[in-house]
Every structure is written in C-alpha cells, then in structure tokens.
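Let me begin by presenting the structure, written as structure tokens, before commenting on it.
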Amino acid sequence: MNRKRIFGAIVAFLFAITLTFSTEVNAASADTVPIGTITAYAGDTNGNATGLLAAQGWLICNGEEYPIDDYPELNSIIGTYYGTADRAGYFKLPDLRGRFLRGVDAGANRDPDAKDRTYSAKGGNTGDRVGSAQADAFKRHSHKIEFNSGRQSKGNSGGRRGKYQEGYDLSTNGVGGSETRPKNIYVNWIIKASDV
C-alpha cells in the first residue's frame, strides 16, 4: 500500500508541474509576438473572422483606419509609415492586399531602386524605409535576333560579284501575362495590434 501512495504522490506532483509549465508556456507564447508583427493568416476574413482575430489582438492589413486610443502601442510603432489617416485621432494600417512583402534594404544594396521607392498611401514613407512601395518591374534585358542578310553570288554580265545587305527593324512579339510574379498562393496579411 505504501508503494501505491508514493506512486500516486509522484504522479500528482508530475501532473502539477506539467500543468504549471504548460500554463506558463501558453502565457509566454502570447506575449512573445511583438506588437507590429505582420504574418500570413491562412483563414478567410469573412463573417465573424475579423472579430475573432481582433479578440486575439490581430487586425487585417487592409488599409483601414483605427482610433489611436484603441491601439496606442501599435500606433507608436507604425505611426504614418503606411499613410496618414483621413480623420484626426486615427492611424492607418498597411494595405497589403495583393502585395508581396520585401525586407528593407537598409544599405545592403540588394534593391538597386531603394531610393526611388514611393509611399504606399498618401503621407507614408518613401525611399529605403519601412512602409515604402515599389511598382512592378521587369529587369531590363534584350533579345538577340539573327538573320541572314543575303549575298549576291554572281555579278551582272561583265561585272563583279558583290554583296548586299538589307536593314530591318525587328522586335519580338509581346507574350506573357499581365504582370511579372513568382508562383504564389493567397493568404491574408494580419498585424499584431495588441496583447490580449
């Protein structure tokens, strides 16, 4: 009987430690995502999904404006990076619908056009800064077109052999889609707005 009590006490102790550790890990997990973090969300945002996300501290990156008083910490982080709000006392979320995200170049010279980036919404950041945007582009390139210009092999009676060349302005036919893009899958971009 003594062994059963000892075994029961050990099991109860281990169970208590597991519950405590599990609770602390879950609490820590909620606090480890910094406000302002943008991440992909695989769910739809129709119906009550928006409210459920907001209840967990997340907002959809769709360019909407929110009262600064509702999300003061997020406003202090992103400010007007993604444009100025139309109403006083509000701030604007990034509008990432249909957009790919790219890391700030920060002088790494991986984005040759970093200085030419424009604002993503009126009043937002430009240049090599968070929140700036770039239009689509296709790297400058050319296609070599070779053709035989012809050659005269016999001359006129009494004349010599000669050469002739013909000049052409050539271009390739336009082919392809309506934009340059990698293979992709749609997601909703969401931003951590508050610790709940």
Using θ = phi - 60° and the Karplus form 6.51 cos²θ - 1.76 cosθ + 1.60, what ³J(HN,Hα) does each residue of the stretch 170-183 get, whole Hz, x for Gly and Pro? 10, 8, 7, 5, x, 10, x, x, 8, 7, 9, 7, x, 4
Amide hydrogen neighbours beyond the local backbone of TYR90, cut-off 5 Å, H modeled: ILE68
For VAL33 and ASP86, calculate 0.36 nm times their separation in residues minus their Cα-Cα distance, and state this gained length in nm to one decimal. 16.2 nm
Hey, got a sec? Which chymotrypsin sites (Phe, Trp or Tyr not before Pro) in the stretch 48-131 land in a DSSP loop and have at most 15 other Cβ atoms within 10 Å? PHE100
ASN62 long-range amide H proximity, modeled H, under 5 Å: LEU96
Along the Cα-to-Cβ line of LYS183, 7 Å from the Cα, sits a label point; which residues in the stretch 92-107 have backbone N less than 13 Å from it? none
Through the Karplus equation 6.51 cos²θ - 1.76 cosθ + 1.60, θ set to phi - 60°, convert the phi angles of the stretch 110-121 into ³J(HN,Hα) values in whole Hz; use x for Gly and Pro. 8, 10, x, 10, 4, 5, 8, 5, 10, 6, 7, 8
Once amide H atoms are placed 1.01 Å from N in the peptide plane, what residues at a sequence separation of 5 or more from ALA133, or on another chain, have their amide H within under 5 Å of its amide H? THR118, TYR119, SER120
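Bear in mind that the values in this text are calculations on the coordinates, not laboratory data. Only a predicted model underlies this, so the values are computations on that prediction, with no experimental measurement involved. No Cβ is skipped: glycine too gets one built from the backbone with ideal geometry, and neighbour counts run over all protein chains shown.
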